[in-house]
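Take a look at the structure below.
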Amino acid sequence: MGISFRRVGANLAAEVEGIDLAAPLPDADRDAIRDGLAEHQLLIFRDQVISSDRLMEFGRSFGELSVHPFAPHVEDTPALIRFENDAETPPFGTDVWHSDETFRAAPPMATALCAKVVPEVGGDTVFASMSTAYEGLSERLRALIDGLQAVHDIKPFKAIFEDTPEDRSELQKFEAIYPPMTHPVVRVHPVTGRRVLFVNPQFTIRIKDMDERESASLLDTLFHQALIPEYQYRLHWRPHTLAMWDNRSVQHYAVHDYWPQARIMDRVTIKGTRPVGLEAADPATVKRPKTLITGAVSHGAHKPHLVEDDIREDAPAAE
Ligand code: SIN
């Protein structure tokens, strides 16, 4: 029997049958998975007893693996993330709707997550099809957001740095490597051509060029789309379930209700390309009228200048 896809969710998710991921992946199956991923957005492989090395090989069949700068990884294997949670180590930061690593210039194209230890109850992951979420917006709202850009940031990971001079300087290094990144609010999926709502509450901080209050309320409305059950699929993990999601078109939320039970998951992430959007909107149409008065300088008399006292205040204390 060859590989086949059995649709299990109305708007995303298929169970993949007729394949053993413990064995090397034939090219034809790899191509079928690549196509199936774009079509179904979330693929679920049940009863796959595979080693972490095999998981990494599986991921590499689809492209280069990326290394997460903050997530916990297996020692000496930076590309292999291990979420190993129990009473002493509560889960952190995955119970927020997100696409993986959108703080990067080129966020991953896909993620593969494999369940090693699952709790007796709880610990599901909820996925949302962000192409269906986009299509569920009114035509007027779609017209408003098509062509807008949004800024994504490493903000959730700033919490792992302490308020010490060492950590502050360490954080500055990360901020220099991962500066705020602009992506289209609506990206065009490179395989299907479908439009995808590409903002998420974990990493997206504002709409570019827009007044702060308008930006916040628009983002709130857009973030809400992932919460609509019709666009979701809730995955109940069993040991040896492997899920692969299309990070270009899906958001996910790991439900932390299982804690303090144990849950161990291995994850690899496959590098992607820069998101491509629609024709860029004219920034002037995004600004509030008072900043548009002909000839007016929108920053007033404000300009950046270093304040000597503040620089001294920030400097390490003299011995
Ligand atoms: C993740 O956000 O990649 C983790 C998902 C999960 O633990 O279910």
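Descriptive notes on the structure:
- Peptides ranked, highest mean first, by Cβ atoms within 10 Å: ranges 98-109, 9-20, 244-255: 244-255, 98-109, 9-20
- The chain, relative contact order [Cα under 8 Å, separation at least 6], %: 32 percent
- Lysine pairs within the range 4-291, Cα separation less than 18 Å, 8 or more sequence positions apart or different chains: 5
- Debye, to nearest 20: dipole size of the chain, +1 on Lys, Arg Cβ, -1 on Asp, Glu Cβ: 1240 debye
- Over all directions, the projected convex hull of the C-alpha atoms in the chain averages 20.4 nm² in area.
- Fraction of antiparallel bridges per DSSP, the chain only, in percent to nearest 5: 95 percent
- Inter-label distance for Val188 and Ala10, nm, one decimal - labels placed 7 Å from Cα along Cα-to-Cβ: 3.0 nm
- One chain, two ends: Lys173 and Arg234. Fully extended at 0.36 nm per residue, the span grows by 18.2 nm beyond their Cα-Cα distance.
- In the chain, helical runs assigned H by DSSP with n ≥ 4 each contribute -39500 (n - 2.57); averaged across all residues and rounded to the nearest 500, the mean residue ellipticity at 222 nm is -6500 deg cm²/dmol.
- Stretch gain in nm, segment Val121-His224, where the contour uses 0.36 nm per residue and the Cα spacing is subtracted: 34.4 nm
- FRET efficiency for Thr89 and Asp47, using Cβ-Cβ distance with R0 set to 25 Å, rounded to 0.05: 0.35
Since every read-out is calculated from the coordinates, none of them should be taken as a lab result. This is a predicted model, so every value here is computed, not measured. Cβ coordinates were reconstructed from backbone atoms using ideal geometry, including for glycine residues, and neighbour counts include every protein chain displayed.
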